[in-house]
Amino acid sequence: MNRPVHFEIHAADPAKLSKFYADVFGWQITHMPQFDYYLINTGDGDGPGINGGFVKRMGAGAAVGAPVNAFVCSLGVKSVDEAIVKATAAGAQIALPKMAIPGIGWQAYIRDPDENIVGLHQADTAAR
């Protein structure tokens with residue numbers, strides 16, 4: 001099978017949006033000025049997950065309420081509730097409120113400050 005190995009988040013201002021993700025999710029961001037690209041390190045490699053990058057958006061972003069027209073990544077978080085509080089305090093908005101996925105966990109979706117949709121997932125086999 002072919003598995004995702006890298007993701008990219010498009011942003012009107014990659015430097016500004018990278019600060020949001022670093023502050024809210026603890027990601028380490030490295031600017032590569034020769035490419036005007038921002039590498040994203042999402043973790044220490046001990047668990048599942050992939051790394052990615054921020055790239056300058058080439059054109060207008062999707063309007064609020066428009067259907068998703070790209071891949072949506074979900075981030076594994078300790079607590080969906082805590083992640084929502086932290087993200088909204090930093091400028092995100094709730095796109096879809098927290099819901100139970102029975103026997104799997106809790107899921108919610110936010111719109112980051114640049115209107116990208118991001119999933120938040122908390123594993124919890126007791127979720128109902």
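The values are calculated or read from the model by the stated rules, or taken from the named source; none is laboratory data. Here the structure is a predicted model, which means the values were calculated and not measured. FYI the Cβ positions are ideal-geometry reconstructions off the backbone, even for glycines, and counts take in every protein chain you see. These accessible areas exclude ligands, DNA and RNA; they are computed on the full protein's heavy atoms, side chains included. Shrake-Rupley method; radii C 1.70, N 1.55, O 1.52, S 1.80 Å.
The residue that is surrounded by the most Cβ atoms within 10 Å (Cβ to Cβ), among those in the range 1-30 that are assigned to a strand (DSSP E or B) and in contact with a helix residue (DSSP H, G or I) (Cβ under 6 Å, 6 or more places away or on another chain), is A11. Taking residues in the range 53-79 that are β-branched (V, I, T), and partners anywhere that are assigned to a loop (DSSP other than H, G, I, E, B) and open to solvent by 50 Å² or more (accessible area, probe 1.4 Å), the pairs with Cβ atoms closer than 8 Å and at least 6 places apart or on different chains are V64/E115; V68/A62. If I filter the range 66-75 for residues that are at pLDDT 95 or above, within 21 Å of F25 (Cα to Cα) and touching a Lys or Arg at 6+ places or on another chain (Cβ under 8 Å), do I get at least one hit? No, the conditions are met nowhere in the range 66-75.
If the condition is being within 15 Å of the chain's Cα centre (by Cα), free of Cβ contacts under 8 Å to residues at least 60 places away in the same chain and farther than 22 Å from P48 by Cα, then the range 98-124 contributes R111, E115.
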